[in-house]
Amino acid sequence: MNNNSIYLMSSNATKEYIIDILEVLSLPFGTVQHFRYQLKWLDNELKNKLPIKNNNQTNELKKQRVVVCYLYQEKENSEWKWIAVYPVRTGILVEAYKTGDNDEDIAHFYFKVANYIYYTQENFTDIIKRIANEKWGKNYALIGQDLGNNYIAKREDSSSAFHKICNSLNLEHFKSPEGISYFPVYCFIKGLKNKKGETIMPLYDPYTY
């Protein structure tokens, strides 16, 4: 896919989606996270590249960079209006497939969480809007130009980048469509260690939750 990345949006549409982005923020490096969408919310390029589950197709998307974003949207006349997008973290895709080709079928994305996005004074909503182009406001999972390494924190700067993200998120944007406001408690988890003091590296197992 050349210099492209897969952009996966979580949003304020439900409490569960808000929790998803907080999990992505806090999980240790290498932990596998799972996002899923109905196919109607994917852009056509991404939809066509996804293999159907158990169809023995070559999956060219594996190991592709993922950029996980939090989307704040508001409902106007029964339609969603995209207001702000916060890219929070990158990932590496380890598995992706769809259950069929109909709009109601489900696309599954499993990715290992990796480096954080580094916030300074950028307006990431404008940046993502340019990347998404005609897909803006329509596709919650899409293929777009890579964000670029200038916006990605080095691993040793993760703690600093994490705090910058937390301070950049508008708490007013953690509000459900019903008007319920949530006040997240941020937690940066460096990793888990065994009795020998060695860091335990998470492993991806498709047969476990």
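Across segment 90-133, which residue is farthest from the chain's Cα centre (by Cα) among those that are of a type in the set (Gly, Ala, Ser) and closer than 24 Å to residue 32 by Cα?
The extreme case among them is 100.
Examine segment 139-147 for a residue that is farther than 29 Å from residue 97 by Cβ and open to solvent by less than 60 Å² (accessible area, probe 1.4 Å), and state whether such a residue exists.
No; the residues of segment 139-147 include none that is farther than 29 Å from residue 97 by Cβ and open to solvent by less than 60 Å² (accessible area, probe 1.4 Å).
Looking at this structure, is residue 157 surrounded by fewer than 20 Cβ atoms within 10 Å (Cβ to Cβ) and touching a helix residue (DSSP H, G or I) at 6+ places or on another chain (Cβ under 6 Å)?
When the stated conditions are applied, residue 157 does not pass them.
Quick check on my filter: what residues within segment 109-134 are open to solvent by 30 Å² or more (accessible area, probe 1.4 Å) and not in a strand (DSSP E or B)? So that I can check it myself, show each step before the final result.
Step one: of segment 109-134, the residues open to solvent by 30 Å² or more (accessible area, probe 1.4 Å) are 110, 112, 115, 118, 120-123, 126, 129-131, 133-134.
Within segment 109-134, 118, 120, 121, 122, 123, 126, 129, 130, 131, 133, 134 meet the criteria.
Open to solvent by 10 Å² or more (accessible area, probe 1.4 Å) and either without any contact (Cβ under 8 Å) to a residue 12 or more places away in the chain or closer than 25 Å to residue 49 by Cα (or both): is that true of residue 103 in this structure?
Yes.
Name the single residue, out of those in segment 169-185 being open to solvent by 50 Å² or more (accessible area, probe 1.4 Å) and outside any loop (DSSP other than H, G, I, E, B), that is farthest from residue 77 (Cα to Cα).
Among residues in segment 169-185 that are open to solvent by 50 Å² or more (accessible area, probe 1.4 Å) and outside any loop (DSSP other than H, G, I, E, B), the one farthest from residue 77 (Cα to Cα) is 171.
Residues of segment 74-89 being over 16 Å from the mean Cα position of the chain (by Cα) and β-branched (Val, Ile, Thr), which ones?
83
Restricting to segment 194-203, count the residues that are modelled with pLDDT under 80 and open to solvent by 70 Å² or more (accessible area, probe 1.4 Å). Steps first, please.
As a first pass, look at segment 194-203 and keep what is modelled with pLDDT under 80: 199-203.
Narrowing the set further to residues that are open to solvent by 70 Å² or more (accessible area, probe 1.4 Å) leaves 199-201, 203.
Qualifying residue count, segment 194-203: 4.
Listed here are the residues, each with its yes/no results for (1) over 17 Å from residue 175 (Cα atoms); (2) at pLDDT below 95; (3) in contact with a helix residue (DSSP H, G or I) (Cβ under 7 Å, 6 or more places away or on another chain); (4) not β-branched (Val, Ile, Thr).
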residue: 2; (1), (2), (3), (4): yes, yes, no, yes
residue: 57; (1), (2), (3), (4): yes, yes, no, yes
residue: 76; (1), (2), (3), (4): no, yes, no, yes
residue: 90; (1), (2), (3), (4): yes, no, no, no
residue: 109; (1), (2), (3), (4): yes, no, no, yes
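Where the second residue is at pLDDT 95 or above and surrounded by 15 or more Cβ atoms within 10 Å (Cβ to Cβ) and the first is among the basic types (Lys, Arg) and lies in segment 15-41, which pairs have Cβ atoms under 6 Å and are six or more apart or on separate chains?
36/108
The values are calculated or read from the model by the stated rules, or taken from the named source; none is laboratory data. Fair warning: this is a prediction, and the values are worked out from it, not measured in the lab. Heads up, the Cβs are rebuilt from the backbone with ideal geometry, glycines too, and the neighbour counts pull from every protein chain shown. Protein only, heavy atoms only, side chains kept; ligands, DNA and RNA dropped before computing areas. Shrake-Rupley method; radii C 1.70, N 1.55, O 1.52, S 1.80 Å.
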